[in-house]
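Contents: one structure, followed by commentary.
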Amino acid sequence: MEYRTVGNSGLVVSEVGFGAATFGGVGDFFGAWGSVDVDEARAMVDACLDAGVTLFDTADVYSDGASEEILGAALKGRRDDVIVSTKAALPTGTRPTDAGTSRSRLIGAVDAALRRLDTDRIDLFQLHAFDARTPIEETVDALDDLVRAGKIRYVGVSNFSGWQLMSSLAVAERRARARYVAHQVYYSLIGRDYEWELMPLGVAEGVGAIVWSPLGWGRLTGKLRRGVTPSGPSRLSATADAGPPVDDDLLYDVVDVLADIAAQTGRSIPQVALNWLLRRPTVSSVIIGARTQTQLADNLGSVGWSLDDAQVARLDAVSEREAPYPYFPYRRQEGFAQLSPPLV
C-alpha cells in the first residue's frame, strides 16, 4: 500500500480507501447498496487495516446515518490508526433545513456525525453537493469555525462543477478561511469526464481527487460482458437508473480490453480497472466498497503491482471519448494543443 498527501495539504491517506456505503441497508436508495452489520463491518475493517488501508469514508445520508454508526462501532479502539471521512449537504429529512450547507445546517450535521461516529473529530469533512441557496461566504466561514473548534481537521467537497469549486476556493482564500483540499469525484474507465476540467483545476489549485464508484457503478466488475446476461444480486440491478450513464458500446469495448489484460496479468477485471485509476494525475485515493469479504479481498488486490505502459495505453485508447466544447480544440488542434501544459 502506498500513501499520498491529499492535494496541497499535509493530510496523508492510503492510495485505496474503504467506502462504508454498504453498511446498514436502511432506505430505498442509499440503503440499497448493501446491508453489512456491525460484526461484518468489524471483519472488513480488520481486512482493510491488515492491507494498510487508513482512509474510511461515509456520509450522513448512507442508510439514514446507520453507516456512520456502524463504522464508528467497527473502528472502536482503533480510531487513532485511521482517517475518518464523512459528508453532508444532501437531504436527510423533509424539512427545508434538512439539506444544504448553511451555517446552521453544517454545525448540526457535524455534531450529529460526531455522535454517530462516536468520535471527537472528523479528519476530512466534505460537502456532498453544492448548495446554490447559501452564499459561499457563509459556508466557508462555518467550516472554518468548525476547523478552529477542532471538530474537523480538513475540508473538501464532492460533486462540484469547475466554477463551483473555483469560486469556493477564491472566497476561502480571500477571507483567509480553511481551504478545500479534496474533491470526491466520479471517475472510472467508463466515466472520464473528470479529466476535462476538474483534473486540470486540481493540478493548478492543489486539490486532490478522492474517487467514488471507480468501477463505474458496478459495471466493471466483470459480470457485464458482451452477450452475457448477469446473474446474482448486485447494487447495479437496484440502482442502475440513478447511476452515471454509459453507452453500451463503450462499456463492452472497455470490458473486452480489461478482460484481455486481466488474463495477461493474472489479475481480475476489477483489479485492472482500479490499478489504472491509481496512476492518474491528482488521484489521492480510490474508494472501494464491498458487500462481502470476497469482494473486498479482490478489490484490495488492486495495489502492490502496476500495469505496464503498453497496457495503460490500450486502456487509455479504448476508453477515451471526444471532449465537449470548449475542451476538444485543446486535444486535437495543434495551435490550441501547444497552449495546454501536460498534466503531471
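The values are calculated or read from the model by the stated rules, or taken from the named source; none is laboratory data. Values in this document were obtained by computation on a predicted structure and should not be read as measured data. A quick note on method: Cβ atoms are made from the backbone with ideal geometry, for glycine too, and the neighbour counts reach across all protein chains shown. The protein model used for the area step is the full one, side chains on, heavy atoms only, and it has no ligands, DNA or RNA in it. Shrake-Rupley method; radii C 1.70, N 1.55, O 1.52, S 1.80 Å.
Restricting attention to segment 178-193, which residues are under 11 Å from the mean Cα position of the chain (by Cα) and open to solvent by less than 10 Å² (accessible area, probe 1.4 Å)?
The answer is Ala182, His183, Gln184, Val185, Tyr187, Ser188.
Suppose we filter Thr86, Thr119, Thr134, Thr139 for residues that are over 21 Å from the mean Cα position of the chain (by Cα), open to solvent by less than 40 Å² (accessible area, probe 1.4 Å) and under 24 Å from Phe23 (Cα atoms); which single one remains?
On the way: Thr86 fails: over 21 Å from the mean Cα position of the chain (by Cα); Thr134 fails: under 24 Å from Phe23 (Cα atoms); Thr139 fails: under 24 Å from Phe23 (Cα atoms).
Answer to the selection: Thr119.
What about Thr54, is it in contact with an Asp or Glu (Cβ under 9 Å, 6 or more places away or on another chain), surrounded by 18 or more Cβ atoms within 10 Å (Cβ to Cβ), within 17 Å of Leu127 (Cα to Cα) and β-branched (Val, Ile, Thr)?
Details: in contact with an Asp or Glu (Cβ under 9 Å, 6 or more places away or on another chain): yes; surrounded by 18 or more Cβ atoms within 10 Å (Cβ to Cβ): yes; within 17 Å of Leu127 (Cα to Cα): no; β-branched (Val, Ile, Thr): yes.
No: the conditions fail for Thr54.
When you check Asp80 against the structure, is it at positive phi, charged (D, E, K, R) and out of contact with any Cys (no Cβ under 9 Å at 6 or more places or on another chain), yes or no? Steps first, please.
Working: at positive phi: no; charged (D, E, K, R): yes; out of contact with any Cys (no Cβ under 9 Å at 6 or more places or on another chain): yes.
No.
Just give me the residues in segment 92-114 being open to solvent by 50 Å² or more (accessible area, probe 1.4 Å) and either touching a His at 6+ places or on another chain (Cβ under 7 Å) or over 21 Å from Ser35 (Cα atoms) (or both), in sequence order. Outline the logic, then answer.
Here is the first cut: in segment 92-114, the ones open to solvent by 50 Å² or more (accessible area, probe 1.4 Å) are 92, 94-97, 103-104, 107.
Passing the criteria: Thr94, Arg95, Pro96, Thr97, Arg103, Ser104, Ile107.
Residue-wise test of (1) in contact with a helix residue (DSSP H, G or I) (Cβ under 9 Å, 6 or more places away or on another chain); (2) at pLDDT below 95; (3) over 20 Å from Asn299 (Cβ atoms).
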residue	(1), (2), (3)
Val16	yes, no, no
Val26	yes, yes, yes
Leu49	yes, no, no
Thr54	yes, no, no
Ser67	yes, no, no
Ile70	yes, no, no
Val82	yes, no, no
Arg103	yes, no, yes
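Of these, Leu278, Leu274, which one is of a type in the set (A, V, I, L, M, F, W, C) and crowded, with 23+ Cβ neighbours inside 10 Å? I'd like the intermediate steps shown before the answer.
Values: Leu278 fails: crowded, with 23+ Cβ neighbours inside 10 Å.
One residue alone meets the criteria, Leu274.
Could you list all residues from segment 95-149 that are of a type in the set (Lys, Arg) and closer than 21 Å to Ala176 by Cβ? Please lay out each step first, then the result.
To start, the set of residues in segment 95-149 that are of a type in the set (Lys, Arg) comprises 95, 103, 105, 115-116, 121, 133, 148.
Correct list: Arg103, Arg148.
Checking the conditions here, which among Arg95, Arg105, Arg79, Arg42 is within 21 Å of Arg291 (Cα to Cα), out of contact with any strand residue (DSSP E or B) (no Cβ under 7 Å at 6 or more places or on another chain) and basic (Lys, Arg)?
Result of the check over Arg95, Arg105, Arg79, Arg42: Arg42.
Name the residue, out of Ala59, Ala43, Ala47, Ala113, that is assigned to a helix (DSSP H, G or I), at negative phi and under 19 Å from the mean Cα position of the chain (by Cα).
Values: Ala59 fails: assigned to a helix (DSSP H, G or I); Ala43 fails: under 19 Å from the mean Cα position of the chain (by Cα); Ala47 fails: under 19 Å from the mean Cα position of the chain (by Cα).
Exactly one residue qualifies, and that residue is Ala113.
Here is a list of conditions, (1) closer than 17 Å to Leu296 by Cβ; (2) surrounded by fewer than 17 Cβ atoms within 10 Å (Cβ to Cβ); (3) modelled with pLDDT of 95 or more, and Pro233 meets all of them except one; can you say which number that is?
(3)
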